[in-house]
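Written below as structure tokens is the structure these notes are about.
What follows is calculated from the coordinates using simple rules that are stated; it is not laboratory data. What you are looking at is a predicted structure, and each value in this text was computed from that prediction instead of being measured. FYI the Cβ positions are ideal-geometry reconstructions off the backbone, even for glycines, and counts take in every protein chain you see.
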Amino acid sequence: MTAPAHNAFASPNFPTWCPGCGNFGIWTALKQALAELNIEPHRTVIVFGIGCSGNESNFVKAYGFHGLHGRTLPVAEGVALANSGLTTIAIGGDGDGYGEGMAHFIHTIRANPNITYIVHDNQVYGLTKGQTSPTSEHGFETPSTPFGNPDSPINPISLAIAAGAGFVARGFAGDAGHLTGLIKSAIQHRGFSLVDVFQPCVTFNATNTFRWFFGKVVKLETLKHDPTNRDTAWKQAQNEEKLPIGIFYQQEKPTLEDGFSVLAKRPLVEQSPEKRQIKPLLERMK
Amino acid sequence: MTAQLNDITRAPRPRSGSDRVQGITWKIGGEAGFGIMSTGEMFARACMRAGLNVFTYPEYPSLIRGGHNTVQVTASTQPVHAHRAQVNILVALNRESIGLHLPELGPRASIIYDATDRTFADFKPSSVQRRDLQIIGLPLEKLAKDAGGQKLMCNTVALGASCALLEIPPDHLAEVVRIMFHEKTEIVIALNVKILMSGYNAISAVQKKRCPWDVKPAKTIVEQVLLTGNEALALGAIQAGCQFYSAYPMTPATSILHYLAQHGPDYGIVVRHAEDEIGAINQAIGAAYAGVRAMTATSGGGFSLMTEAVGMAAMTEVGIVVIDAQRGGPSTGLPTWTEQGDLRQVLHASQGDFPRVVLAPSSHRECFTMIQEAFNLAEQYQTPVIVLTDKYLAEGQRNVSVGELKLLPINRGKIWTATGGKTAAAYLRYQADVADGIVPRSLPGTPNGLFLANSDEHDDYGYSNEDAPNRLAQMERRARKVATLCKKSIPPRYVGPAKAPLTVVTWGSSASAVEAALDILDREHKLQANAIIITMIAPFPTAAVTTKLKSTKRTVIVEASQSGQLAGWIRQQTGLTFDHAINRYDGRPFDPIDLANELKSYLLTS
């Protein structure tokens, strides 16, 4: 079998991101991962949120859905339940997914639909020009926090592990090869998979730069981390000296789709809505 | 079983045959958590099975226990469009019920109370300042226990006694028990029938005679079902091929979720209790985008949360059905009471201009057909369809003959199918130059049908595009869908004689009381009036309504909102105003008798 060319997912639009933006690495890794997995564009649905990450919807050719700020996950869940035969991917940012959409994040982890969630995590709001984000460091000075961010950052990895996610990974946009592997594993995982990606914003974040990340990230593989061990996954997630990347935790568990007998045989979209007999229901209303 | 008669000495003489009425209103009151609702439903079913028309109206506070609950059933040989406020038989499971509902009792009403309940310990029927009432004290608890039941089954005893007063044949009661307890064992069913009959037999021939209400059952009984507006919607959604339903509980929409969660899986429906209303509507949109028929339902507050996604559905052109079962607003408002105050909210929900359909069924029967219409319109026009009901319609039960439940064919609209091969014509999901504005939708998974469903303004493929000419082309194409839709707009429902000195305009559940009031005006006051019931709110059937309104003499609008939301909308759409407005916003539905009196006094004084 020959893999579809990487550019099968290329749209006619070249990205409008700032030159050097971390998003380029994620964009490349995503297309490469899909191509290497032999997934065709028409068998792929990618749901995007709003933000610089959401603008990627214009730069990828697949069945796309560019929805509302923070609402990628419920749309993706609806897609996955309606057509479990497709590969469903949700893409958001740290403001989009961990700010506006935080409730959906936790609840989608609980539900465990078979979708992959890639978060472009640059610790800042890009598209609205540089305000503080839910993953920004305490004291971070931005136009919305000129005297320093009074909030502490959330840790999406710990949060996902605590919420019971079956696949929790972190990548780095500066290592697209490594990230490609993570996205492939995430797509192949049965159930909800999180890939939080450190993605330096070259315009609005002068703290968490490529140079800063290169000095901090460390691959979990080199730490001999066992991704089936939730306790050590938790410990690695707390590591602030070094920032581990790779698969923190992976454990397959029943998916949301498994919970619906209706989906046992074939995808919902392949079942005809016609010719239903409501007579038995009427009998019970007499 | 001997009836324990407490006091019938003050009961009135029975009426002579000529002044017997055709319908009665029965009411049961008691503490929440004591099976008031199910007793009301069983009484209504028994009446329906005996060949009567029924309308059931429950009232309850937003509490689980401790509050006062009531169910009121109006039963008649004539069509019952709405319940009547005036009560003819009151079942008081506690003393509070007598105090609260005494003012509602009509002349010569009967009261059945629980003589063994502690709240009635020092109750003396003679203390009731009404000489025309028949007050029947029955030892409900004792009867229940003697028949092998427990205190909680007092309501069942009272139900049996009520049916005896009306001389409803006991066979119907046994059948009702079977239907209501279909999941229970034969032993449980037999026990309930026995307890019912203990109440039935506790009523003496004298007591029956002194209950002057004659509701002679029909000789030929048409096949009927008793259902709430919510059940009619859920049943209609099943018939319409709904495949995905996601919702978050909110009164008075919740029972749609319960019904579909229970029965949906048998019909291939995925029913999802979402994390919140925002999740619910976004899931429904995702499912509809992927190609299945999807719906969500909520009340006004939940709809507020869904607002942003309503616009997204219109922009991405994903057809979904959203039910808003209204309750009293603003904010948390009156959670368990009725109002029609969300009309403007749904008409204007979400930023920007976009096509939307707003339907408002005005009866249980219409709930069943209009929800099927809603699914067809959503997929044909690829835009959100909002169905407005309210608590009175959503939770009130009415009988509908099975033959009146109209089945509509499923129309899934234009769907793109790949023509095969790599050389297939380039598919453009949002091709701007389409005459009727509707481009075939491609379902994800279809080869050669890729597109981007984009909440940003977009080009023919779906890619973001902010150029002015593209913006105009796409805005105008979406607007053309409205023009296409207007050609198929649903005309109002007309009731009454073609020409009349008075025309009432109304919508939704208020139509129930209006129809009943027109009957009363005609029958009891010999006054002619007709009604225009608006069922499609948007796009508004402007031509039909304008023509009709221009041919009227005097017009009155009846609606359950303080500001007259429909009156304003009609004025905006037709330029016409009303001579008089009757608005109610205390959370209570219109009462047909009060409404008839108001219409009459307007007609005679203006």
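A straight Cα-to-Cα reach below 18 Å connects B:Lys414 with the lysines B:Lys481, B:Lys487, B:Lys488, residues fewer than 8 places away in its own chain not being considered.
Computed from the Cβ-Cβ distance with R0 of 45 Å, the FRET efficiency linking B:Leu576 to B:Ser126 stands at 0.20.
Rounded to the nearest 0.05, what FRET efficiency do B:Leu604 and B:Lys208 have when you use their Cβ-Cβ distance and R0 = 35 Å? For B:Leu604 and B:Lys208, the calculated efficiency is 0.30.
In this simple spin-label approximation, B:Arg118 and A:Glu36 carry label points 7 Å from Cα along the Cα→Cβ vector, and these lie 7.4 nm apart. Note on chain A: the alpha carbon radius of gyration divided by the globular reference 2.2 N^0.38 Å gives 1.05. Bridges between two residues of region B:51-197, per DSSP, are antiparallel at a rate of about 40%. What is the distance in Å between the Cα centroid of region B:279-340 and that of region B:457-485? Each part's Cα centre sits 24 Å from the other's.
If a/c stays under 1.5 just call it rounded; otherwise compare a/b with b/c (prolate if a/b is bigger, oblate if not). Do that for region A:145-212, with a ≥ b ≥ c from the square roots of the Cα gyration tensor eigenvalues. Taking the square roots of the gyration eigenvalues as a ≥ b ≥ c, region A:145-212 is oblate.
Multiplying the sequence separation of A:Val218 and A:Arg110 by 0.36 nm and subtracting their Cα-Cα distance, what value in nm do you get?
36.0 nm
Among A:Trp234, A:His120, A:Leu182, which residue has its Cα positioned farthest towards the positive end of the charge dipole of chain A, with +1 placed on the Cβ of Lys and Arg, -1 on the Cβ of Asp and Glu, and the dipole taken about the Cα centre? Sorting the options by dipole projection puts first A:Leu182. The mean count of C-beta atoms from other chains within 10 Å of the C-beta of residues in B:237-243, rounded to a whole number, is 4. Database remark: amide H of B:Ala538 closer than 5 angstrom to the amide H of B:Val358 (H placed geometrically; neighbours at sequence offset of 5 or more, or on other chains; Pro and chain starts carry no H).
Exposure proxy ranking for B:Asp519, A:Asp231, B:Asp324, based on other Cβ atoms within 10 angstrom of each Cβ and starting from the fewest, stands as A:Asp231, B:Asp519, B:Asp324.
Starting with the highest mean, order A:234-245, B:297-308 by the number of other Cβ atoms within 10 Å, averaged over the residues of each peptide.
Listed from highest to lowest mean packing, they are B:297-308, A:234-245.
Dividing the Cα radius of gyration of the protein assembly as shown by 2.2 N^0.38 Å, with N the residue count, gives 1.08.
By the compact-protein rule of thumb, 2.2 N^0.38 Å, the alpha-carbon radius of gyration of chain B corresponds to a ratio of 1.06.
Annotation: the residues B:Leu159, B:Leu603, A:Leu68, B:Leu595, sorted from fewest to most other C-beta atoms within 10 Å of their own C-beta, follow the order B:Leu603, A:Leu68, B:Leu595, B:Leu159. With the Cα gyration tensor of region B:337-438 giving a ≥ b ≥ c as the square roots of its eigenvalues, does the rule (a/c under 1.5 for rounded; else a/b larger than b/c for prolate; else oblate) give rounded, prolate or oblate? Oblate, because a/c is 1.5 or more while a/b does not exceed b/c. Summing +1 for each Lys or Arg and -1 for each Asp or Glu among the other residues whose beta-carbon sits under 14 angstrom from that of B:Gly67 gives -2. Averaging Cα coordinates gives a centre for region B:552-606 and one for region A:76-103; these two points are 47 Å apart.
Stretching the chain fully between B:Arg178 and B:Ala479 yields a gain of 103.0 nm (0.36 nm per residue, less the alpha carbon separation). Straight-distance candidates among the aspartates and glutamates for linking to B:Lys142, with alpha-carbon spacing under 12 Å and chain neighbours fewer than 8 residues away dropped: B:Asp114, B:Asp117. Name the shape class, rounded, prolate or oblate, that the alpha-carbon gyration tensor gives for region B:228-332, where a ≥ b ≥ c are the square roots of its eigenvalues, rounded holds for a/c under 1.5, and otherwise prolate holds if a/b is larger than b/c and oblate otherwise. Since a/c reaches 1.5 but b/c is at least a/b, the shape of region B:228-332 is classed as oblate. Other residues whose C-beta falls under 14 angstrom from the C-beta of A:Gly51 contribute a net charge of -4, scoring Lys and Arg +1 and Asp and Glu -1.
3J(HN,Hα) couplings calculated from phi for region A:71-85 with the Karplus curve 6.51 cos²θ - 1.76 cosθ + 1.60 (θ = phi - 60°) are, in sequence order, 10, 4, 5, x, 5, 4, 5, x, 5, 4, 6, 6, 9, 6, x Hz; Gly and Pro show x. Listing B:Phe181, A:Phe204, A:Phe147, A:Phe48 from fewest to most neighbouring C-beta atoms within 10 Å gives A:Phe147, B:Phe181, A:Phe204, A:Phe48.
Return the percentage of antiparallel bridges among DSSP beta bridges fully within the protein assembly as shown, rounded to the nearest 5 %. It would help to have the intermediate numbers written out before the result.
Numbers: 37 of 117 bridges.
The antiparallel proportion sits near 30 percent.
Spatially, region A:186-249 and region B:227-278 are offset by 41 Å when compared through their Cα centroids. Cross-link partners of B:Lys550 among aspartates and glutamates, defined as those whose alpha carbon lies under 13 angstrom from its own and excluding same-chain residues fewer than eight positions apart: B:Asp579.
Dipole check for the protein assembly as shown: with +1 at the C-beta of Lys and Arg, -1 at the C-beta of Asp and Glu, and the Cα centre as origin, the magnitude is about 2700 Debye. Sorting B:404-415, B:111-122, B:222-233, B:332-343 by their mean Cβ neighbour count within 10 Å, with the most densely packed peptide first, gives B:222-233, B:332-343, B:111-122, B:404-415. Under 5 Å from the amide H of A:His66 lie the amide H atoms of A:Phe48, B:Ala453, B:Asn454, B:Ser455, each residue being 5 or more positions distant or on a separate chain, with H modelled from the backbone and absent for Pro and chain starts.
Evaluated at q = 0.17, 0.19 Å⁻¹, a Debye calculation over the C-alpha positions of region B:433-501 (equal weights, vacuum) places log10 I(q)/I(0) at -0.74, -0.87. Once the Cα-Cα distance is subtracted from the 0.36 nm per residue extended length, the B:Asp586 to B:Ala426 segment shows a gain of 51.8 nm. Neighbouring Cβ atoms from other chains, within 10 Å of the Cβ of residues in B:456-464, number 4 on average. The count of lysine pairs in chain A that are at least 8 places apart or cross chains, and whose C-alpha atoms lie under 20 Å apart, stands at 14.
The residue among B:Met536, A:Gln250, B:Leu63 whose Cα reaches farthest toward the positive pole of the charge dipole of the protein assembly as shown, with charges on the beta-carbon of Lys, Arg, Asp and Glu, is B:Met536.
The loop-placed trypsin sites (Lys or Arg not before Pro) in region B:170-232, going by DSSP, that have at most 11 neighbouring Cβ atoms within 10 Å of their Cβ come out as B:Lys219. For region B:521-566, the list of trypsin sites (Lys or Arg not before Pro) that fall in a loop by DSSP and count at most 12 other C-beta atoms within 10 angstrom reads B:Lys526, B:Lys553. Across peptide B:439-447, the average count of Cβ atoms from other chains found within 10 Å of a residue's Cβ is 4. Modelled label positions at A:Arg266 and B:Ala32, each set 7 Å beyond Cα in the direction of Cβ, lie 4.7 nm from each other.
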